[in-house]
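**Student:** Before we start, here is the structure in question, set down as structure tokens.
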Amino acid sequence: MSRWGFVGRSEELGRLATAVAGGAGRGLFFSGTAGIGKSRLLREGVAALPADRYAIWSVAASATTAALPYGGLAQILPADQPPGLSPAGILRWAVDALRQRAAGRPIVLAVDDAHLLDPPSAALVHLIARAENATVLGTLRNGERVPLPIRALWTDDLVDHAELSPLARADTAGLLAAVLGGPPDASSADRLWRLSAGNPLLLRELVLAALGSGELTETYGIWHWTGRLDLAPSLTDLIDVRIGRLTAGVRTVVELVAFGEPLGFELLLRACAPADVEAAEERGLISVVRDDRRLGVRLGHPLYGEVLRRRCPVSRARRLRAQLAGLVEAVGKRRRDDLLRVAVWRLDSGTAQDPALLLGAAGEAFARYDVPLATRLARAALDAGGGYPAAELLATILMFADRPDEAIEVLDSVADQVDGDGRHSRWLTVRGMLSYWGLRRLSTVDELAARAAELTDVADQSRVRAFEAIMRLHRLDLAAARRLGCAVLDRPAAPVASRELARCVLAHLQAAEGRLALSGSAITAVEAEVAQWRADMPYLQLALELARGTRLMLAGDVAGIDAIVAAEFADLAGAGDFRLGTGYLDILRSYAARLRGRGAEAATASLGACATLASSGVYAGLAHAERAQVAALRGDAGQASRAMADADRAHAPGMAVLYPWLEQARAAVLAVTGDLPGAAKHLGELAERLREDGLAGHEVLVLHDLVRLGQAGYLVGPVCPDGDRRTVAQRLTELTEQVDGALPPLLARHARAVVDDPTRSVAAASAAELSAVADEFAARELHVFAAEAAALALHRLRRRRAAGATAANDRLAELLGRCDLVRTPALRWGQPALTGREWQIARLAADGVASRRIAERLYLSPRTVENHLQRVYGKIGVTGRAELGVALRGIPGHDDTPDR
């Protein structure tokens with residue numbers, strides 16, 4: 001593990017720098033809780049100050065020096081104090097001594113833990129703050145007694161006083177990535193942030209404990225924490241100090257809250273004396289917060305609960321949990337989550353005797369996508385005699401926990417209880433899911449179809465047919481999927497969940513066919529019925545997200561993708577370890593970042609998807625294909641090839657509907673490895689296959705990939721009645737009549753501009769059209785496409801030395817500035833071929849280094865430097881140094897292009 005670095009706090013560092021250099025002469029003190037990062041912030045702020053401009057002294061007060069006169073500042077005061085001075089004289093002598101040592105430089109005194117200063121040291125700090133040309137910085141711990149001279153610093157308006165807030169969620173994730181050497185997945189980062197409450201010291205102890213117990217592990221470069229915590233002694237000691245000694249009454253208060261938070265305030269008062277509740281709140285052990293119209297009680301810090309629950313004897317813990325369940329049952333389960341909470345308390349206290357309670361709670365947990373909790377409750381319901389309903393629910397949950405073999409064993413154990421069409425249809429669909437997606441048996445679809453014919457009830461048959469429809473969609477039996485989906489929707493007696501599952505099948509198919517408007521309407525209809533289907537079929541959300549994600553990706557709607565990856569389902573799936581949901585949303589997140597040119601963000605998201613879906617047979621191939629696309633975008637041929645090989649190994653035959661995405665990625669890998677003819681050939685064949693399958697929505701994107709490779713004139717499709725085949729540009733123009741949305745016309749416009757012959761007199765016109773296309777792409781945040789169009793426009797203008805090349809270069813530089821690391825063939829095409837020496841000299845010249853200095857640095861003659869610069873000017877189409885910096889920024893990789 002790397003050293004704990006310093007991340008974030010840019011605003012606070014800026015305030016420290018301004019306090020010193022701002023000219024107002026005001027100091028700055030930060031207050032905060034223990035471990036919040038006050039001392040580190042002060043050290044980092046002081047370290048950034050130039051020692052040649054300021055006389056900087058740093059001291060750290062401590063309890064050991066608090067009883068010694070001037071003990072807090074003994075580190076900086078001269079040892080030879082003159083004898084016979086009065087207390088005031090000593091203060092004046094100390095200030096004069098520091099001024100002499102400063103030798104005319106402004107004084108900066110940084111005092112860590114200033115609340116521990118002895119009285120004379122505190123008085124001296126106050127005196128220095130009043131002196132001219134001096135600034136005092138410091139830190140204080142909340143809840144500690146502050147010496148009066150220090151408090152007077154801000155009451156006398158000599159310094160500013162600010163509260164240091166906990167680390168934000170993003171800063172916590174950044175710190176974890178720096179320390180671990182790789183990013184954590186979003187759910188792990190969020191859990192660690194919440195548990196540490198943004199406190200860096202507690203975060204450090206949590207990470208060390210998780211690493212030591214093997215609960216924090218790395219997969220595909222992404223770190224995942226299981227959520228299990230082995231409390232190290234150092235962490236326990238920190239929390240013990242905060243909690244302190246507890247009376248019996250206060251202990252009961254905090255333990256009840258530890259096992260029951262969030263706990264209703266009135267409920268707590270039923271169990272505890274009001275005086276004890278008040279005492280716990282005054283000490284910061286609990287906090288009372290308003291939740292809508294009710295008051296709720298939580299612990300003062302999330303880690304208090306971890307320590308209190310671990311320390312509580314088993315017998316008392318069982319009693320407290322049973323007491324909590326009884327309290328809620330006595331007033332009635334009025335809140336939405338009361339059923340779930342009571343069931344967990346009953347289960348943990350050993351008093352769970354009602355299988356219906358456990359089964360209802362398991363269903364509620366699954367509806368919240370909390371897979372581990374739902375599994376535990378469903379298994380308890382089965383053990384308590386829940387029979388077939390409990391077994392069916394448990395088997396379903398285990399399917400989404402990537403444990404299909406165990407799920408089938410559970411389901412088969414109650415096969416003798418399958419009686420009647422209703423139970424038979426449910427058994428068939430769950431068994432079919434497990435067989436098709438869990439065990440990857442493609443024959444399951446035909447077996448399910450045959451068994452469905454045995455059912456007589458229309459509603460039960462509709463449920464089986466809806467599952468058959470989505471299996472046939474995934475197997476790429478598109479005509480049958482459409483027929484079955486429509487048949488279910490045409491049956492008024494079909495249950496809501498079955499009907500909406502069939503609608504998701506049609507929405508996905510319509511999106512792939514390019515009928516995005518119809519697909520959007522279907523998706524909206526499914527969402528409108530969510531309250532009716534979630535309890536029965538919570539995993540329908542996956543079918544909805546796949547349809548919606550497909551539609552948004554095909555539309556190039558990156559803002560729409562942002563919206564769904566930030567929606568409630570994303571939070572629930574991440575918190576509940578619903579990996580199929582989390583993994584697929586990471587794929588969408590990567591796709592949007594990739595189109596925007598944010599390669600690093602896309603790489604993190606795609607690797608996160610691969611790590612999350614490592615044991616899944618559903619979306620794992622798609623995750624690796626997206627990882628390959630990201631690597632290709634960044635020009636990493638080796639990583640792209642390895643990712644594509646992983647995609648082929650992980651891809652499930654039962655998810656054939658995803659083939660357009662995988663084959664698009666394969667073409668990108670061919671291109672990044674230098675096989676541009678092979679990439680073009682593969683894309684042409686893929687476009688033909690998509691045309692035959694009727695997947696025009698995908699075909700548009702594949703044809704545009706050919707345009708991006710400079711192949712807008714490539715011939716595709718069958719021979720037309722006029723005896724010719726259509727070019728890519730012509731086919732794209734045709735597809736604008738079939739595929740909805742604003743993107744297809746823009747892609748066709750791009751293709752027509754690319755196919756223009758740049759040697760003709762219309763080159764300037766085609767460059768202008770390419771620039772206009774780039775602006776349209778940029779307006780949609782499709783920055784990679786925009787940069788590629790702008791690069792080709794610049795190339796054409798430079799070839800003819802046409803007017804406007806400088807403006808085109810500026811525009812390309814601006815677009816590339818929106819991306820981080822982009823190395824696509826379209827951006828490399830026409831790029832000036834500078835030698836390694838030319839790159840060295842050009843960069844130095846663009847930074848303003850004179851030719852003579854460049855010559856000295858590189859051991860060349862000034863004439864040689866000038867000759868190199870003239871060749872650079874000619875290659876990139878500029879007239880001199882004034883244009884060089886902007887021109888270099890218009891070349892992808894200008895900041896790290898290797899020597900050649």
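The values are calculated or read from the model by the stated rules, or taken from the named source; none is laboratory data. Since the structure is predicted, the reported quantities are computational estimates derived from the model, not experimental observations. Don't worry about glycine lacking a Cβ; one is built from the backbone with ideal geometry, like all the others, and counts go over all protein chains shown. These accessible areas exclude ligands, DNA and RNA; they are computed on the full protein's heavy atoms, side chains included. Shrake-Rupley method; radii C 1.70, N 1.55, O 1.52, S 1.80 Å.
**Student:** Hey, could you check the range 347-387 for residues that are basic (Lys, Arg) and modelled with pLDDT of 95 or more and say which is nearest to ARG423 (Cα to Cα)?
**Tutor:** Among residues in the range 347-387 that are basic (Lys, Arg) and modelled with pLDDT of 95 or more, the one nearest to ARG423 (Cα to Cα) is ARG379.
**Student:** So, one more: Regarding LEU439, is this residue at pLDDT below 95, open to solvent by 10 Å² or more (accessible area, probe 1.4 Å), within 16 Å of VAL618 (Cβ to Cβ) and of a type in the set (A, V, I, L, M, F, W, C)?
**Tutor:** yes
**Student:** Name the residues in the range 127-141 that are in contact with a Leu (Cβ under 6 Å, 6 or more places away or on another chain) and open to solvent by less than 30 Å² (accessible area, probe 1.4 Å), would you?
**Tutor:** ILE128, ALA129, VAL136, LEU137, THR139
**Student:** Same structure, new question: Specify the residue that is nearest to the chain's Cα centre (by Cα); the eligible residues are those in the range 23-35 that are open to solvent by 50 Å² or more (accessible area, probe 1.4 Å) and not charged (D, E, K, R).
**Tutor:** It comes out as THR33.
**Student:** Something else about it: When the residues of the range 294-332 are filtered to those that are open to solvent by 90 Å² or more (accessible area, probe 1.4 Å) and closer than 15 Å to LEU267 by Cβ, which remaining residue is nearest to the chain's Cα centre (by Cα)?
**Tutor:** My answer is ARG298.
**Student:** Moving on. Select from the range 390-406 the residues that are touching a Gly at 6+ places or on another chain (Cβ under 9 Å), over 20 Å from GLY574 (Cα atoms) and surrounded by fewer than 24 Cβ atoms within 10 Å (Cβ to Cβ) and list them in ascending order.
**Tutor:** Across the range 390-406, the qualifying residues are PRO404, ASP405.
**Student:** A further question follows. Hey, can you tell me all the residues within the range 280-318 that are of a type in the set (Val, Ile, Thr), more than 23 Å from ARG335 (Cβ to Cβ) and touching a residue at least 40 places away in the same chain (Cβ under 8 Å)?
**Tutor:** VAL307
**Student:** How about the range 518-541: which of its residues are closer than 26 Å to LEU743 by Cα and open to solvent by less than 60 Å² (accessible area, probe 1.4 Å)?
**Tutor:** Residues satisfying the conditions are SER519, GLY520, ALA522, ILE523, ALA525, VAL526.
**Student:** Among the numbered criteria (1) closer than 18 Å to PRO184 by Cα; (2) open to solvent by less than 20 Å² (accessible area, probe 1.4 Å); (3) at pLDDT below 95; (4) not polar (S, T, N, Q), which one does ALA600 miss?
**Tutor:** (2)
**Student:** Just checking, how many residues over the range 566-597 are part of a loop (DSSP other than H, G, I, E, B), touching a residue at least 12 places away in the same chain (Cβ under 8 Å) and open to solvent by 20 Å² or more (accessible area, probe 1.4 Å)?
**Tutor:** 1
**Student:** Also, quick follow-up: How do the pairs read when you match residues in the range 779-794 that are free of Cβ contacts under 8 Å to residues at least 12 places away in the same chain with residues anywhere that are open to solvent by less than 10 Å² (accessible area, probe 1.4 Å), using Cβ under 9 Å and keeping only pairs 6 or more apart or on different chains?
**Tutor:** As it stands, the answer is ALA779/ALA786, since those pairs meet every condition given.
**Student:** Quickly run through the range 36-73 and pick out the residues that are in contact (Cβ under 8 Å) with a residue 40 or more places away in the chain, charged (D, E, K, R), open to solvent by less than 70 Å² (accessible area, probe 1.4 Å) and under 18 Å from THR135 (Cβ atoms).
**Tutor:** Within the range 36-73, just LYS38 meets the criteria.
**Student:** Hey, does the range 408-416 have a residue that's free of Cβ contacts under 8 Å to residues at least 24 places away in the same chain and among the hydrophobic types (A, V, I, L, M, F, W, C)?
**Tutor:** Checked against the condition, which is being free of Cβ contacts under 8 Å to residues at least 24 places away in the same chain and among the hydrophobic types (A, V, I, L, M, F, W, C), the range 408-416 yields at least one hit.
**Student:** Just to check your reading of the model, which residue among ASN867, ASN809 is assigned to a helix (DSSP H, G or I), open to solvent by less than 20 Å² (accessible area, probe 1.4 Å), at pLDDT 75 or above and of a type in the set (S, T, N, Q)?
**Tutor:** Step by step, each of ASN867, ASN809 is checked, and only ASN809 is assigned to a helix (DSSP H, G or I), open to solvent by less than 20 Å² (accessible area, probe 1.4 Å), at pLDDT 75 or above and of a type in the set (S, T, N, Q).
**Student:** Looking only at the range 548-556, decide whether some residue is within 23 Å of THR396 (Cβ to Cβ) and in contact (Cβ under 8 Å) with a residue 12 or more places away in the chain.
**Tutor:** There is at least one residue in the range 548-556 that is within 23 Å of THR396 (Cβ to Cβ) and in contact (Cβ under 8 Å) with a residue 12 or more places away in the chain.
**Student:** Continuing with this model, one more query. Got at least one residue in the range 75-96 being small (Gly, Ala, Ser), free of Cβ contacts under 8 Å to residues at least 60 places away in the same chain and touching a helix residue (DSSP H, G or I) at 6+ places or on another chain (Cβ under 6 Å)?
**Tutor:** Checked against the condition, which is being small (Gly, Ala, Ser), free of Cβ contacts under 8 Å to residues at least 60 places away in the same chain and touching a helix residue (DSSP H, G or I) at 6+ places or on another chain (Cβ under 6 Å), the range 75-96 yields at least one hit.
**Student:** Another question, if that's okay. Residues in the range 256-264: is at least one free of Cβ contacts under 8 Å to residues at least 60 places away in the same chain, surrounded by fewer than 19 Cβ atoms within 10 Å (Cβ to Cβ) and within 19 Å of ARG194 (Cα to Cα)?
**Tutor:** yes
**Student:** Do we find that GLY684 is open to solvent by less than 30 Å² (accessible area, probe 1.4 Å), of a type in the set (Gly, Ala, Ser), in a helix (DSSP H, G or I) and under 30 Å from THR444 (Cα atoms) in this structure?
**Tutor:** no
**Student:** Something else: Can you give me the number of residues within the range 511-542 that are outside any helix (DSSP H, G or I), within 19 Å of ALA696 (Cα to Cα) and under 28 Å from the mean Cα position of the chain (by Cα)?
**Tutor:** Qualifying residue count for the region: 0.
**Student:** Right, something else. In the range 26-37, is there at least one residue being of a type outside the set (Lys, Arg), out of contact with any helix residue (DSSP H, G or I) (no Cβ under 8 Å at 6 or more places or on another chain) and on the phi > 0 side of the Ramachandran plot?
**Tutor:** Taking every residue of the range 26-37 in turn, none turns out to be of a type outside the set (Lys, Arg), out of contact with any helix residue (DSSP H, G or I) (no Cβ under 8 Å at 6 or more places or on another chain) and on the phi > 0 side of the Ramachandran plot.
**Student:** Exactly one of these conditions fails for PRO660: (1) open to solvent by 10 Å² or more (accessible area, probe 1.4 Å); (2) at pLDDT 95 or above; (3) more than 25 Å from the chain's Cα centre (by Cα). Give me its number.
**Tutor:** (1)
**Student:** Considering only the range 387-504, give the helices (runs of 4 or more DSSP H) lying wholly within it that have at least 2 residues that are within 34 Å of the chain's Cα centre (by Cα) and farther than 23 Å from ARG548 by Cβ.
**Tutor:** 387-400, 404-412, 420-433
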